[in-house]
Amino acid sequence: MDFVKLTDRMNAIVSQVQSVMKTGLMPYWDIDPEIIPASKAEPHMNIEANLHDGDKSVDLYVETSQGGQKFKDIPLSLNWRPFLRNLKITANSRRLMQYKVVHGCTASIDHVYTLDNVTYPYTPTSCWTLASGHCSPHPSYAVFIKKSAGSHLDAKIYFGGHNVEFQSSGPKKVNVLVNGNAVTVGEKEYIHEESGTEIFKVVKWGSTYHVYSFLKLWTFYDGHAVGIIPAPSTAGQHCGLCGNYNRNQYDEFDSKDHHQLKTSEELVEDYKWKC
């Protein structure tokens, strides 16, 4: 958080928030909080939280222009899960994953973890390449990736004539385009509709973007990797770098015309689309 051109009233509010934080974190502080003034708002504050132990405790890292401080194992008396709307996984979702009704695939800059639980190395190219697609007479989605600058990936996701594209332009710098037009995804989710019907929504949590289309696909993207969780109905009708999704771990290099390729390089070459 960066505090720019604050009014006196906002300076007072920020100062009060800092004072409350110091009071609450005092038992976990290894320095005297009195030596850090609370009467003047800092121009910058960064807070990182890592929940663990079933969301019953949290590790905090708080950084201002005066430096950073870590606070370990702070107990939480509130149930925080309902407030984490972008990371929330319901009990039903966890159960579906546990019983392998739904599966996920991840394509990073150098490895692919397939829908049938196989990990293999690969080298992405600057050409759009099919990572995951519903290969049926009536396909519902397709996800393409390509190498960007440095260790970054770009991604493009299609839903029935609509698309959302993520262009990585540097560390934590991502441009989001919907049907070729730039959109802003901030604190509020972006919902794309047609004739009043929701096609997909885009939500940002930290530096990760989540794209969700009901009963079709959930995708997450952070500039370095793309995660894909397709609907269970795509099992046996899937193609791309994420495998054929047939629960057989020994035929993942399935080509577009359904013959087995020998290497991941051949697989990438086969699923190239636009360069």
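The values are calculated or read from the model by the stated rules, or taken from the named source; none is laboratory data. Treat the numbers as computed from the prediction; the structure is a model and nothing was measured. Please note: Cβ atoms are built from the backbone with ideal geometry, for glycine as well, and neighbour counts cover all protein chains shown.
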Quick check on P75: is it surrounded by fewer than 12 Cβ atoms within 10 Å (Cβ to Cβ), at pLDDT 70 or above and not basic (K, R)? yes
State all residues of segment 148-185 that are closer than 18 Å to V268 by Cα and crowded, with 17+ Cβ neighbours inside 10 Å; if no residue qualifies, say none. S148, H152, L153, D154, A155, K156, I157
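Could we say that A131 is within 17 Å of A107 (Cα to Cα), touching a Cys at 6+ places or on another chain (Cβ under 8 Å), surrounded by 22 or more Cβ atoms within 10 Å (Cβ to Cβ) and among the aliphatic types (A, V, I, L, M) here?
On the way: within 17 Å of A107 (Cα to Cα): yes; touching a Cys at 6+ places or on another chain (Cβ under 8 Å): yes; surrounded by 22 or more Cβ atoms within 10 Å (Cβ to Cβ): yes; among the aliphatic types (A, V, I, L, M): yes.
In short, yes.
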Of the candidates E165, E266, the one satisfying the condition of being of a type outside the set (A, V, I, L, M, F, W, C), at pLDDT 90 or above, over 16 Å from C105 (Cα atoms) and out of contact with any strand residue (DSSP E or B) (no Cβ under 8 Å at 6 or more places or on another chain) is E266
